[in-house]
Ligand SMILES: Cc1cc2nc3c(=O)[nH]c(=O)nc-3n(C[C@H](O)[C@H](O)[C@H](O)COP(=O)(O)OP(=O)(O)OC[C@H]3O[C@@H](n4cnc5c(N)ncnc54)[C@H](O)[C@@H]3O)c2cc1C
């Protein structure tokens, strides 16, 4: 087959060593499990960027970082793990 160029996909392995050592839950695919507010399975630990899976682009990572920062800001004032009737972070990627 004739072609002008070829892209070779080498794959991607998320760098989750620190998360794993911290006991943060991962998805079956090896990414950090988190809820829509970027809260991981451990209260006070948040995720953003390529380690969450999905689109691996700079703009996505920075957007997720901003969302996580807003969650952190709100939860420093009012920790969700101390609120009654608050649903705990889901252990899955949304
Ligand atoms: C070859 C290539 C080309 C790309 N081109 C583009 C492009 O043109 N446009 C685009 O939008 N995206 C591009 N991307 C994707 C983009 O680089 C990533 O989506 C983006 O950098 C993700 O940001 P991040 O902060 O999640 O992770 P990273 O930028 O990977 O940052 C994670 C940081 O954490 C550090 N780290 C990891 N583990 C530890 C630890 N245990 N202790 C301390 N530090 C640790 C790492 O050293 C690293 O500095 C490209 C990626 C690659 C590989």
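Please treat every number below as a calculation from the coordinates, not as lab data. What you see is a predicted model; the values in this text were computed from it and never measured. Positions of Cβ are backbone-derived with ideal geometry, glycine not excepted, and every protein chain shown enters the neighbour counts.
Assorted remarks:
- Site pair residue 67 and residue 1 shows an inter-label distance of 3.5 nm when each label is modelled 7 Å from Cα along Cα→Cβ.
- Extension gain from residue 37 to residue 12, taking 0.36 nm per residue of separation minus the Cα-Cα distance: 6.6 nm
- Alpha-carbon centroid distance for the pair region 28-46 / region 51-87, whole angstrom: 9
- Dmax and Rg, reported as Rg then Dmax, of the chain (C-alpha, Å): 16.4, 64
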